[in-house]
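The structure appears below as structure tokens.
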Amino acid sequence: MQEIKSLSHWIKASGFTVILTGAGMSTESGLPDFRSKSGWWRNIDPSTVATVDALETNYSLFHDFYSMRLKTLEACSPHEGHYILAEWEKRNLVHSIVTQNVDGFHKAAGSSRVYELHGSLRSIRCSGCGKPGTVEDFLDRVACRSCGERLRPGVVLFGEMLPQDAWECALRDIKRADLVIVIGTSLQVYPANQLPTMTKGRAVLINYEAYSGGSRFDMVLQGKARDTLIELNRIIHKSKVS
Ligand code: OAD
């Protein structure tokens, strides 16, 4: 409790706060994460579905996996925590959101400065010519209407480069931040996991599972993303009116 209060003070005192999110930000929306007990990678080997090799040599499995991800996503929506972060941006409590998530929930909740490091599940494009396609065509396994090649989701596969724009904006903002709040990530995937160490400001982790990665954070709050953001928001609002 005392830590949440301290964090609310840090948020109000910071002139430039950046949020970095991972799949744990969206589990309370109903989307599985990757490495928890019920995460995607507990039952599926990522090398068989989430690589360029899988796209090129095992399209059937690749397509089944991303169709399942898309259908799961269609049934879910942003939760209160996503909306709180969007409201904080409007109130200048948050400058930008850097996310590893491909669900689009930060933008859907109203955040405008969002850097999607791993792309977006719903941005379908042709794996050959790169022209945009539709989710419906992808799900129906229709080929690219321009060149006949296979459609794919606009996510970063293992072995691919991160979108350069998103990465550069993320790096620029994290470097100059007074405060970086990392939410719901196991910090296992490079290069996003390097970002918390690159700030000149404070770094805070909010995560459900205990963190065992050493001393890179100034504060670690063990808890759920949605609950913690609701509590932080309550304290920030309360201190505003009193
Ligand atoms: P992980 O599944 O590796 O980690 C999610 C973390 O969120 C875990 O430590 C959970 O304990 C925590 N968590 C789960 N629910 C939570 C909640 N309600 N509140 C707070 N924390 C919660 O997911 P990421 O770290 O995002 O990349 O994974 C990084 C990347 O690995 C993904 O973007 C994806 C994956 O392979 C690609 O596919 C390129």
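Key figures for this structure:
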| item | result |
| --- | --- |
| Members of the stretch 141-188 that are among the hydroxyl-bearing types (Ser, Thr, Tyr) and either within 16 Å of the ligand (Cβ to nearest atom) or open to solvent by 90 Å² or more (accessible area, probe 1.4 Å) (or both) | Thr185, Ser186 |
| Residues that are closer than 21 Å to Thr27 by Cβ and assigned to a helix (DSSP H, G or I), drawn from the stretch 102-151 | Phe105, His106, Lys107, Ala108 |
| Single residue of the stretch 189-229 satisfying the filter (in contact (Cβ under 8 Å) with a residue 12 or more places away in the chain and of a type in the set (S, T, N, Q)) that is farthest from the ligand (Cβ to nearest atom) | Thr199 |
| Of all residues making up the stretch 88-99, the number that are under 11 Å from the mean Cα position of the chain (by Cα) and surrounded by fewer than 23 Cβ atoms within 10 Å (Cβ to Cβ) | 0 |
| Only listed residue being modelled with pLDDT of 95 or more, surrounded by 14 or more Cβ atoms within 10 Å (Cβ to Cβ) and in contact with a helix residue (DSSP H, G or I) (Cβ under 7 Å, 6 or more places away or on another chain), chosen from His63, His82 | His82 |
| Subset of the stretch 189-221 [among the β-branched types (Val, Ile, Thr) and open to solvent by 10 Å² or more (accessible area, probe 1.4 Å)] | Val189, Thr197, Thr199, Val220 |
| Of all residues in the stretch 13-50 being in a helix (DSSP H, G or I) and surrounded by fewer than 13 Cβ atoms within 10 Å (Cβ to Cβ), the one that is farthest from the ligand (Cβ to nearest atom) | Ala13 |
| Flag for Ala170 being among the hydrophobic types (A, V, I, L, M, F, W, C) and touching an Asp or Glu at 6+ places or on another chain (Cβ under 9 Å) | no |
| Of residues in the stretch 111-140 being hydroxyl-bearing (Ser, Thr, Tyr) and within 16 Å of the ligand (Cβ to nearest atom), the one farthest from Glu87 (Cα to Cα) | Ser123 |
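The values are calculated or read from the model by the stated rules, or taken from the named source; none is laboratory data. Because the structure is a prediction, the values reported are computed rather than measured. Here Cβ is always computed from backbone atoms with ideal geometry, including for glycine, and neighbour counts include all displayed protein chains. The area values use the complete protein model at the heavy-atom level, side chains included, leaving out ligands, DNA and RNA. Shrake-Rupley method; radii C 1.70, N 1.55, O 1.52, S 1.80 Å.
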